[in-house]
Amino acid sequence: MSQILRVQDLHVSYGHIAAVKGISLAINTGEITALVGANGAGKSTTLLAISGLLKSASGQIFLEDEDISQQSPHHIVQKGVVQVAEGRAILTTLTVRENLELGAYTRKDKTQIGQDMEWVFTLFPVLKNRATGLAGNLSGGEQQMLAIGRALMAKPKVLLLDEPSMGLAPLVVQEIFRILKEINQTGLSILLVEQNVRQALKIAKHGYVLENGSIVLSDTGANLLSNPKVIEAYLGA
Amino acid sequence: MLAQQLINALTLGSVYALFALGFTLVFGVLGVINLSHGAIFMLGSYMALLLVSSFQMSLWMAMLLSMLACGLLGVVVDFLVLRPLRKRNAPHLAPMIATIGVAIMITNISQGIFGAENKRFPFGTIPEESFSLGNLHLTAVQLAIVVIAFILMLVLLQVMRRTQIGRALRAIAESPKAAYLLGINVEGLFFLTSFAAAALGGAAGVLVGLSFNAISPFMGQPMLHKGIAVIILGGMGDIRGAMIGGLFLGFAEVMSVAYISSDFRDAVAFGLLFIILLVRPSGMFGRVLERKA
Amino acid sequence: MLELRSVSKNFGGLRVLQDVSFTMPQGSIYGLIGPNGAGKTTIVNLITGLLRPSSGELRFNEHDLTTVASHKITQLGVARTFQNIRIFKEMSLLENVVVGMHEHLNYGVASMLFNLGTYKDAEKKAKERAHELLSWVRLDHKAHMLADNLSYGEQRKLEFARALATQPKLLLLDEPVAGMNPAEKTELMAEIVNIRQRGFSIFMIEHDMRFVMELCDRIAVLNFGKIIAEGTPEEVRNNPDVIEAYLGKEDAE
Amino acid sequence: MLEWWDSFWAIYSTVIFGIGINAMLALSIYLTLSCGLLSLANAAFMGIGAYTASMISMQTGLPFPLALLAGAIMPAIVALIIGIPTLRLSGVYLAMATLGFGEVVRVIVLNMEITGGPMGLNGIPQKTEWWHIVILLTVILFILARMRRSKIGRAFEAIKEDEIAARLMGVNVGGYKLLAFVMGASIAGIAGGLNAHYTFTIGPGNYAFENAVDILTMAVFGGTSNLIGPLIGSSSLTLLPEFMHSLKDFRLAANGLILILVILYLPKGIWDPARIRNFRKKLTSSRSGKVS
Amino acid sequence: ADIKIGVAEALTGPAAKYGVAIKNGFTLAADQINAKGGVNGNKIQLVAEDEQGKKEDAINVFKKLLFQEKVLMIFGPTLSNSAFAADPIANATKTVVFGTSNTADGITNMGPFTFRNSVMEADVLPVTTRAAVKQFNIKKVAILYGNDDAFTKSGYDVFKSALAEQKIPVTDTETYAKGDVDFKAQLTKIKASNPDAIVCSCLAEEAANIILQTRSLGMKQPFVGGNGFNSPKLFEIAKDAADNTLMGSPWSAENPSPANKSFMADYKAKFGSDPDQFAAQAYDAMHIVAEALKKVSLSGNLEKDRLALRDALPAVKIEGATGKFAFRRAAPKDGKEAGYDAQQDAIVNIAKGGKFVLLK
Ligand SMILES: Nc1ncnc2c1ncn2[C@@H]1O[C@H](COP(=O)(O)OP(=O)(O)OP(=O)(O)O)[C@@H](O)[C@H]1O
Ligand SMILES: Nc1ncnc2c1ncn2[C@@H]1O[C@H](COP(=O)(O)OP(=O)(O)OP(=O)(O)O)[C@@H](O)[C@H]1O
Ligand SMILES: [Mg+2]
Ligand SMILES: [Mg+2]
């Protein structure tokens, strides 16, 4: 199994606060990989570093065999690493449709974009109804859907998801996880950061547990789900 | 008299709008009130004057070259001054104050080089035609300003509305971080914006220099005041708003001279600005978007 | 203690709330659930005076809230947290919480200017109380850090502590556990039970069913701006309309 | 020694007066900034204070303290009146509304008879002594410093960061904004009154757009995160020209350059406690930082 | 010993266009005097400081010149506004302050040490108006002036009373502000009021623009202006569109007197450009002071010498670039002793073929 994304001995700090302290992880091609951990463990920091929005203090990030750790964010996105960030980063002053169109900003195959937009609309019908409205007027959950839809519009190779289920109704959470599985089946590799640990580990082939900026456990999703430490710390027995 | 005053208003308003286009563009995308826009506008005038008088260039050529030069200067200012501030996440007033510094520098160096006196384009280089219809008069340069202002506005508007670059610029305007995540070359577009805005400012400078014969190192300052009023009236960062705001201010000023008193022209203009803001807190055309709780 | 009487809210042509009525008893934990975009946050915005209803009436302990200014509503004893976190990022955690005590710092201009006893006492007590509140959410070790440096989940906790600092009678929580992991949720649940025991009433919007079902005394379900069900957790959980619109067939974890 | 002081004082007292008065102005705008209000009306308020105080001195012969007091109260009243509708505006819109107000004030003064029109008022009696400035500046600093450390200061800061959240903490946002605005106007008015009584002459051009921007520049240049910043900003920008005499024609250009350099390399102004605190730690810190 | 004379003028900023010319005038005169061996063997040393056209800076510069440089007297400042702020300091120190460009009313009321050789508009404009009425057979006029500038506003006041005195009705009065470049709205209104001439209290560069815009609106009326018009700039910008403009001034480039001819030639040789009225007045002022200094035996005691200069000045009479010159004691106001104004005849010029010629 080849690794599409590999992080090696990554260190990231905010000023003099070290948030990520030498982690290594890998995402296998075509698999869902989960990254879980308590609040403040460094999950979001890791994702931002991969996307190039935070410069790493040291360490490498390989996309396939290329070190992307020093590249600028828009190059990284162009290479197919797309992130749905924490807090969604929706463009509130643009319409829903414009947000989706911008999702496809880096794509070369312009003809396909229309079809993909329709596909996103079938995944999230609310978005279709509100397509010409300003994204800022969507409810919290609707914005989350838009953020995911927008990322899908980029046709990424690797999708980085930072807590996609946050703020969503149970029905929609189920739906999102179903969609994740579905798009994963089309060959998309996913790195999933989730607080909904049970669901995340259920659909993930592999999982990492992050604590205080270091990886403390790494195993298959199924094994982690039954790991007593994980159960105690994250599933709240 | 009214008809002539309407023409006066249209031409004055177009001057304001032309100046405000670049000004509002920078604000719209970079979120910076670039107070060096007036100085760049002034430099545009001088540059064209220099090219025409010392290098015997044609007016069109001189205008193109000075737009180019101003654009490059805009990029240099962006690179040396604004970009480091962006990187440092400086408080939002910092870039504005820094551009005051840029304006002071440009103005004083220009004064050192060109002198403090008013200059004009050499006789014979300005198209002298003018159109008269009975009692109505309009010079060719004025007509050119009106036409060019409208064309530039329409072009810019189409770029912002319909093209992917336009959408990308609007994305950056709202959140550079989000734009990065979408794979947008944010820094590149910042430079492009600075270039375009400064080039527009330079073009405005050339045209104003041509039509009013008052090229001086200090010509940018009063224009800057009016420009600020215009982009506020029109809604910050709104291209169409800059145009309408410019025309509105032109009309307000001319009509206050015509029907109130020229003593209170500026008071009328700024008083209107004040009142309009009270009624519409984001300008005449600014969209009110409350942050959701 | 809190009562909505056929409240409606329109945004332009969009009818977000239609004839919403419910009554929340004193001392209870009351849940509000419903699909995304149903209008839940809008209700909280109406209660806290950030929005005004298009029609209808909101009452809190005999006060008609419909025209009262936001800060007065807070002073009446209503506090809230925000779905999209709004902490004061450039202030320390401690200061964030002390801002919440604003109304309860009673000292005059003179004692402020000349550092008199009343001022010193009040400020000292406020700081102590703030430390205590921070310790409730386990953030007291970061009391002097800038709030901006907190991770997302930590910011939620800080908001929670800050809301408590206003000494509310009614606490409105808009998705308090979004972004927390199950273990942390369990912790917070215990905290909320604690707080209720201290006499607070709690109104909460939440999508985490385990959390809602376990904590709430009563739950209202909002769908497309209308209340479609109201009752005990048991009643709501088994209501077919609710399952259809919100819960889905598999039981939520 | 004494002689040296005498001649030094004779030459430089104006500069020192200027520092004190500019410090007040910088503090007046600091106050509104600390509450998140970008108000550019302070030059106009300074003018209102200056005209009020001068006209009282020249026409009624009332004692100087009373004239100054009137110069502090009049702008406060005006601020109260325009503040109520205006302070709903935010960000640059407020800046522009206040700027518009300043222009209106200028044009009105320009066209009035009793204010001397464009000629302004001349022959204002010289009343300002150095110790007036020292005392008033100290009092202002004291009050502002105490306010910072109280619930008022915290309310200001909360409003600056997030108005809605502040409101929901029980802070009367409108009231506090008005307080900052009115107090700022009053301080600017005092500065105006003092200034008028040592330059003998005032005119409408002294309180225009440029002056508003100058005041803002001094505050931001020094740093607006605390009270020391505006003081340092106003003194350094007042003194700067004195040190630049050798540059002759390009002196102003050098002023501009220094302004840029300070903003670039000291992003929070000259006086930034956090930076100074971190100075030592910085030596050991590693390469890192945020993009954007 | 050298005689130190302070020059406080606006050398940068918008007022620099006057300040620099003024400084040139002083420099030219001082160099000529020194080349001839100075005054009673003492060389004149100019100490020039930039007051930027701002009143605070004018006060600063004055103090520096008085207390640090210990100059014998001060020339300047450039603008009347700055003079109101700075002149009291010189008076308090009992030092002569000599304005060459301050035309505002009340300048010389600031104390007995205040002198100026800048002719007041009140002396010049009535003469000009009278000449204009005769020349163009004027029945009614419109007025345009800058209302936010002390110089143009006081010029307007004088025009207004002169016109009233001569019973010429005003059809329309319009104003503009500093930095304005578009005057068409005002001019359109003036056009509708149909005057025989346009009286304009403006500076040359504004005036040139106003004239050009007037012509582009198809108006043919002649202009009547004051001191402010007296600059080569008027023609550099307006060329012969300015023809038939009447201007009254203490100085004219056309004045054929030998003093003026040699001044103009020397100035051109030294600075490479034609002088204007400001340079001429400064040039004369330096010679006036030199004339007074001849009568003063310098003791080396600064206070005494300063007083001696002040006592010698009022009697000076010269024939300079601006023609015959003498001082006139200003009328005291509020019981305060006043200084000295200029007593000089105005020259009325008319624009012909792109330059001013003497009106016959
Ligand atoms: N902008 C920042 N400046 C300084 N420190 C920060 C900043 N953002 C995060 N941190 C710190 O870095 C650490 C890791 O934060 P990060 O956001 O990566 O956590 P997380 O695992 O995503 O947590 P959560 O589940 O709450 O989102 C935390 O201790 C946090 O306090
Ligand atoms: N200012 C506004 N203008 C227009 N529409 C709005 C505005 N605010 C909210 N809405 C719309 O009202 C509806 C209800 O929004 P609200 O935020 O109350 O939903 P919610 O129930 O809290 O959803 P979620 O669970 O996703 O947070 C949504 O469809 C939203 O798009
Ligand atoms: Mg996170
Ligand atoms: Mg919500």
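One table, with the values for the structure above:
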read-out: Dimensions in Å of chain E - Rg and Dmax from alpha carbons; value: 20.3, 66
read-out: Computed FRET value (nearest 0.05) for A:THR111 with C:VAL109, which takes r as the C-beta separation and R₀ as 56 Å; value: 0.20
read-out: Ranking of D:VAL213, E:VAL20 by count of other Cβ atoms within 10 Å, fewest first; value: D:VAL213, E:VAL20
read-out: Extreme residue, positive dipole direction of the protein assembly as shown, given options B:MET61, C:ASN149, D:THR224 (C-beta unit charges); value: B:MET61
read-out: Hypothetical label at E:SER262: residues of region E:1-29 whose amide nitrogen lies under 14 Å (7 Å Cα-Cβ projection); value: E:29
read-out: Degrees, to the nearest 10: E:302-312 long Cα axis against longest axis of chain E; value: 50 degrees
read-out: Check: region C:89-167 dipole with +1 on Lys, Arg Cβ and -1 on Asp, Glu Cβ, in debye; value: 140 debye
read-out: Distance between modelled label sites at E:LYS355 and C:SER135, nm, 7 Å Cα→Cβ extension; value: 9.4 nm
read-out: Cα-projected label distance for C:THR67 with B:GLN56, points at 7 Å along beta-carbon direction, nm; value: 8.0 nm
read-out: Phi to ³J(HN,Hα) by Karplus 6.51 cos²θ - 1.76 cosθ + 1.60 over region D:139-145, Hz, x for Gly, Pro; value: 4, 4, 4, 4, 4, 5, 5
read-out: Calculated on alpha-carbon atoms, Rg and Dmax of region B:185-240 in Å; value: 13.5, 41
read-out: Calculated FRET value between E:ASP31 and E:GLU337, using beta carbons and R₀ = 30 Å, to 0.05; value: 0.30
read-out: Likely footprinting exposure, C:PHE88, B:PHE150, fewest C-beta neighbours within 10 Å first; value: B:PHE150, C:PHE88
read-out: Positive-end residue of E:CYS202, E:ILE350, E:GLY335, charge dipole of chain E with Cβ unit charges; value: E:ILE350
read-out: Dipole magnitude of chain B, debye to nearest 20 (Cβ charges: Lys/Arg +1, Asp/Glu -1, about Cα centre); value: 1060 debye
read-out: Helix-only CD estimate at 222 nm, as mean residue ellipticity for the protein assembly as shown, using -39500 (n - 2.57) per DSSP H run (n ≥ 4); value: -16500 deg cm²/dmol
read-out: Residues E:LYS324 and E:LYS140, FRET efficiency given R0 of 35 Å [Cβ-Cβ distance, rounded to 0.05]; value: 0.50
read-out: Exposure proxy ranking, count of Cβ atoms within 10 Å, fewest first, for D:TRP271, D:TRP131; value: D:TRP131, D:TRP271
read-out: Amide H contacts under 5 Å for B:SER216, placed H, 5+ residues apart; value: B:LYS119
read-out: Where labels lie 7 Å past Cα in the beta-carbon direction, separation of B:ILE165 and C:SER21 in nm; value: 6.0 nm
read-out: Dipole moment magnitude, nearest 20 debye, the protein assembly as shown about Cα centre, only Lys, Arg, Asp, Glu C-beta charged; value: 620 debye
read-out: E:TYR176 long-range amide H proximity, modeled H, under 5 Å; value: E:TYR145, E:GLY146, E:ASN147
read-out: For region C:89-167, alpha-carbon Rg relative to the globular expectation (2.2 N^0.38 Å, N residues); value: 1.13
read-out: Whole-Hz ³J(HN,Hα) from phi, Karplus 6.51 cos²θ - 1.76 cosθ + 1.60, for region E:123-138, glycine and proline x; value: 8, 8, 5, x, 4, 4, 4, 4, 4, 5, 4, 5, 4, 9, 6, 7
read-out: Built amide H within the under 5 Å cut-off of A:GLU31, gap 5+; value: A:ILE190
read-out: ³J(HN,Hα) computed for each position of region A:94-110 - Karplus, 6.51 cos²θ - 1.76 cosθ + 1.60, integer Hz, glycine/proline x; value: 9, 6, 4, 5, 5, 4, 5, 4, 5, x, 8, 3, 8, 7, 8, 7, 4
read-out: Cα lying deepest toward the dipole's positive end in region A:3-235, options A:GLN8, A:GLY213, A:GLY141, charges on Cβ; value: A:GLY141
read-out: Low-density loop cleavage sites - GluC sites (Glu not before Pro) in region B:92-155, where at most 10 other Cβ are within 10 Å (DSSP); value: B:GLU129
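FYI, it's all coordinate maths here, none of it is from the lab. What you see is a predicted model; the values in this text were computed from it and never measured. Note that we place each Cβ from the backbone using ideal geometry, even for glycine, and neighbour counts take in every protein chain shown.
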